[in-house]
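**Student:** Please read through the structure below; I'll follow up with questions.
The values are calculated or read from the model by the stated rules, or taken from the named source; none is laboratory data. All values derive from a computational prediction rather than experimental measurement. Heads up, the Cβs are rebuilt from the backbone with ideal geometry, glycines too, and the neighbour counts pull from every protein chain shown. The accessibility values were calculated without ligands, DNA or RNA, using every heavy atom of the protein model including side chains. Shrake-Rupley method; radii C 1.70, N 1.55, O 1.52, S 1.80 Å.
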Amino acid sequence: MPLNFAMSVMSATEFLLWAVLGFIFWKKDLQRRYPAMSTYLALRLGSMPILLGLLYLQGQHSGHRTFYFPLYFYSYWAVYAASAITLFFICIEVFRAALLPYAGLMRLGTVVFRWTTLASLIVSLSSISFTHRGVLLIPDVALALMRSVSILEICLLAFLCLCMNALKLSARDVSFGIALGFGIMSTNDFILAALWSRHTSLNSPIQFFNEAVVLATLGLWAAYCYLPEPARRPVVLAPNSTIYRWNEIAAALGHGTKVAVQQPANSFFLSDVEKVVDKVLTRSNLQGSESKS
């Protein structure tokens with residue numbers, strides 16, 4: 001089904017916003033900090049005109065549907081799968097940028113993040129029903145990949161929101177803005193998946209809602225990239241703080257280094273036992289002296 005005028009205008013606006021975002025992103029030289037995000041922007045900017053052109057030709061030349069539809073089908077799902085893989089690397093970039101002041105936790109967290117991604121990917125792929133055969137299995141695999149990455153994006157955003165104060169991460173930081181945008185888009189995808197039906201067309205109200213969320217997210221990213229980013233506050237940790245000890249332990253893992261973890265005396269179990277024993281001995285001595293008298 002060809003796009004109506006309103007959806008065509010929104011699609012053209014989306015492409016313009018992708019172009020504006022890419023211009024600001026590369027002008028600010030942010031590709032050095034976020035190379036995977038730069039790859040994602042290049043993928044969207046390069047593929048969107050091609051996909052829109054194939055969709056337009058398919059709607060205008062219904063007699064050549066058998067020619068244009070396979071081109072659009074394979075191109076769309078190839079870009080979709082490539083986007084899912086790129087988003088995984090973007091999540092790692094944002095995670096490492098957030099934990100940059102903590103080298104040990106960043107190293108350990110990256111390893112845990114990769115294993116969590118692998119587990120999520122296995123669960124998502126194992127949920128495929130395999131009711132479709134042949135080329136119709138391609139959308140199922142691509143959707144499973146995107147579903148596992150969307151879960152990671154939402155978990156990453158929740159982690160940053162909960163640990164912003166501890167990480168000294170500003171809400172205006174670009175890494176938080178990237179995570180916020182992908183978190184919004186992932187939440188929108190899950191809502192659409194719950195409301196989606198086989199008879200939903202490209203011009204249905206749910207598609208307009210989806211496009212509006214995408215446009216709002218692109219505007220949010222453009223604002224984050226354009227506005228000056230505040231300098232990150234220096235992290236000053238007390239030697240006896242919990243996060244400092246965990247960072248030292250994480251940095252020493254795998255290097256054969258022994259780390260002395262200092263425990264507060266009030267929370268040390270053996271010291272509490274000693275106090276109880278002293279009280280019992282004191283009470284027994286007092287009772288012994290009273291019996292002698």
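**Student:** Would you mind finding the one in 135, 149 that is in contact with a helix residue (DSSP H, G or I) (Cβ under 7 Å, 6 or more places away or on another chain), more than 19 Å from residue 223 (Cβ to Cβ) and in a helix (DSSP H, G or I)?
**Tutor:** The unique qualifying residue is 149.
**Student:** To continue, here is another question. Which of the residues belonging to segment 122-136 are exposed (fewer than 11 other Cβ atoms within 10 Å of the Cβ) and β-branched (Val, Ile, Thr)?
**Tutor:** Answer for segment 122-136, where residues must be exposed (fewer than 11 other Cβ atoms within 10 Å of the Cβ) and β-branched (Val, Ile, Thr): just 131.
**Student:** Within segment 152-181, count every residue that is within 25 Å of residue 26 (Cα to Cα) and either in a loop (DSSP other than H, G, I, E, B) or open to solvent by 40 Å² or more (accessible area, probe 1.4 Å) (or both).
**Tutor:** 6
**Student:** Any idea which residue in segment 205-238 is modelled with the lowest pLDDT, counting only those that are within 23 Å of residue 18 (Cβ to Cβ) and assigned to a loop (DSSP other than H, G, I, E, B)?
**Tutor:** By that ranking, first place goes to 229.
**Student:** Please pick out the residue among 110, 86, 131 that is β-branched (Val, Ile, Thr) and either under 17 Å from residue 174 (Cβ atoms) or in contact (Cβ under 8 Å) with a residue 40 or more places away in the chain (or both).
**Tutor:** So the residue among 110, 86, 131 that is β-branched (Val, Ile, Thr) and either under 17 Å from residue 174 (Cβ atoms) or in contact (Cβ under 8 Å) with a residue 40 or more places away in the chain (or both) is 86.
**Student:** While we're here: Please verify whether segment 102-119 includes one or more residues that are at pLDDT below 85, touching a Leu at 6+ places or on another chain (Cβ under 7 Å), closer than 25 Å to residue 43 by Cβ and of a type in the set (S, T, N, Q).
**Tutor:** There is at least one residue in segment 102-119 that is at pLDDT below 85, touching a Leu at 6+ places or on another chain (Cβ under 7 Å), closer than 25 Å to residue 43 by Cβ and of a type in the set (S, T, N, Q).
**Student:** Given (1) more than 26 Å from residue 141 (Cβ to Cβ); (2) at pLDDT 90 or above, identify the lone condition not met by residue 57.
**Tutor:** (2)
**Student:** Right, another one. Any idea which of 130, 95 is under 20 Å from the mean Cα position of the chain (by Cα) and among the aromatic types (Phe, Trp, Tyr)?
**Tutor:** Step by step, each of 130, 95 is checked, and only 95 is under 20 Å from the mean Cα position of the chain (by Cα) and among the aromatic types (Phe, Trp, Tyr).
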